[in-house]
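Please treat every number below as a calculation from the coordinates, not as lab data. Values in this document were obtained by computation on a predicted structure and should not be read as measured data. Virtual Cβ from ideal backbone geometry, glycine too; neighbours counted across all protein chains shown.
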Amino acid sequence: MVLWKIEVLIGALAGALFTLLPFSCPGRIVAMPQQSYASDVQLQAKRSPVDFLPDGDRSKPSWKHAKSVEFDHDASGQSHYPQLSTRVASVWTETHIYFFFWCSYDSLNVYEGEDRAVERWQLWDRDVVEVFLNPQPERVNHYYEFEVAPNNQWVDLEIDKTKEPFNDVSWNSGFEHAARIDAKNHIWTTEMRIPIASMNVGAIHPDAKWRVNFFRAAGKGGDDHRKFLAWSIIPEGKTFHVPTRFGILQLVN
């Protein structure tokens, strides 16, 4: 009987200690609540009957029939910049996911006189459009970043928010892209073609729902003077890297 009481007492103390661990033992690994997405904005990407090379031409049949979304608000959703209105569309094939951006502008800020064939680190410090794409939404903190500037400079990154640093510039998607500037109408466009295999996607299944956000950086000077636009707003702060705020990219036939 005494032995039984001791075992019960030890069990109770162990349970109490386990309950207190998250609060009394900083540094210990504890179970964290599962993250969930906080945005329901959506873009439908239709299936394209053919693959095609990007050249920045928006008159292709695939883009004429594509769904698109438009935004002109900053990342917080509080301020609007009609002069920077941005529209983006997406289509897909068995092997690639495509994006097309239409960007109104009042001036352009790019890196001048550089080799456009070479990946440009810190491209985001100039005018740029960005796709943050997560084809495995169950892995909230793991996604891919694709950027193209008006002069067709580029960078692609694999992102894992659980690591430090979280952006891997050594990753290479092999994505193709083209940009055009229509100076007369103050619009620049870019077209991206991303191989799904580069993101460890074996096949695209119709009605799949990936997670995505679209961004735009524009303007000259430091970050205090530039404009930062986001399709799915991020009330938490200025950083674009808030994957729980990604919207939905629905892949349809």
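Going by alpha carbons, how many degrees (0 to 90, nearest 10) lie between the helix axis of 2-24 and the longest principal axis of the chain?
So the inclination is approximately 30 degrees.
What is the packing order of peptides 130-136, 180-186, taking the mean over residues of other C-beta atoms within 10 Å and listing the highest first? The partial results should precede the final answer.
On the way: 130-136: 21.6, 180-186: 12.0.
Sorting 130-136, 180-186 by mean packing, highest first, produces 130-136, 180-186.
Zone of residue 44 (label point 7 Å along Cα→Cβ, backbone N under 20 Å): which residues in segment 216-253?
Hits in segment 216-253 for residue 44 at 20 Å: 232, 247-253.
So what's the convex hull volume per residue for the Cα atoms of segment 133-231, in Å³?
Numbers: hull volume 14.4 nm³, N = 99.
Value for segment 133-231: 146 Å³ per residue.
With 30 Å as the limit, write out which pairs from 64/220; 184/227; 184/220; 184/209; 60/161 have Cα-Cα distances beyond it, or answer none. Walk me through the numbers on the way to the answer.
Details: 64/220 33 Å; 184/227 22 Å; 184/220 20 Å; 184/209 38 Å; 60/161 37 Å.
Flagged as over cut-off: 64/220; 184/209; 60/161.
Residue separation times 0.36 nm, minus the C-alpha to C-alpha distance between residue 35 and residue 51: what's the value? Provide the component values of the computation, followed by the final result.
Working: separation 16, 0.36 × 16 = 5.76 nm, distance 3.55 nm.
Extra length available between residue 35 and residue 51 comes to 2.2 nm.
Return, for the Cα atoms of segment 43-87, the radius of gyration and Dmax in Å, separated by a comma.
14.0, 40
Rg and Dmax of segment 89-193 over Cα atoms: what are they, in angstrom?
Considering segment 89-193 through its Cα atoms, Rg and Dmax are 14.4, 45 Å.
Which aspartates and glutamates, if any, have their Cα less than 19 Å from the Cα of residue 46, not counting same-chain residues under 8 positions apart?
Answer for residue 46, where 19 Å is the Cα cut-off: 57, 70, 94, 191, 207, listed by chain and number.
List the aspartates and glutamates whose Cα sits under 19 Å from the Cα of residue 163, skipping any in the same chain fewer than 8 residues away.
Straight-distance partners of residue 163: 138, 145.
How large is log10 of I(q)/I(0) for segment 180-253 at q = 0.11, 0.23 Å⁻¹ when the intensity is taken from the Debye formula with one equal scatterer per alpha-carbon?
After summing over all Cα pairs, the log10 values are -0.45, -1.16.
Say we join alpha carbon atoms closer than 10 Å with springs in a Gaussian network model of the chain; which of 195, 61, 137 then has the biggest fluctuation?
61
What are the extents of the Cα atoms of the chain along their three principal axes, in Å, largest first?
Dimensions of the chain along the principal axes of its Cα atoms: 92, 43, 33 Å.
Of the residues 189, 239, 93, which exhibits the maximal mean-square fluctuation in a Gaussian network model of the chain defined by a 10 Å Cα contact cut-off?
239
For residue 209 and residue 111, what is the calculated FRET efficiency with R₀ set at 35 Å and r taken between the beta-carbons, to the nearest 0.05?
On the way: r = 36 Å, r/R0 = 1.02.
Once the sixth-power term is evaluated, E becomes 0.45.
Under the definition of Cα pairs under 8 Å and six or more residues apart, what whole-number percent is the relative contact order of segment 144-253?
Values: 155 pairs, mean separation 20.4, N = 110.
Dividing the mean separation by the residue count of segment 144-253 yields 19 percent.
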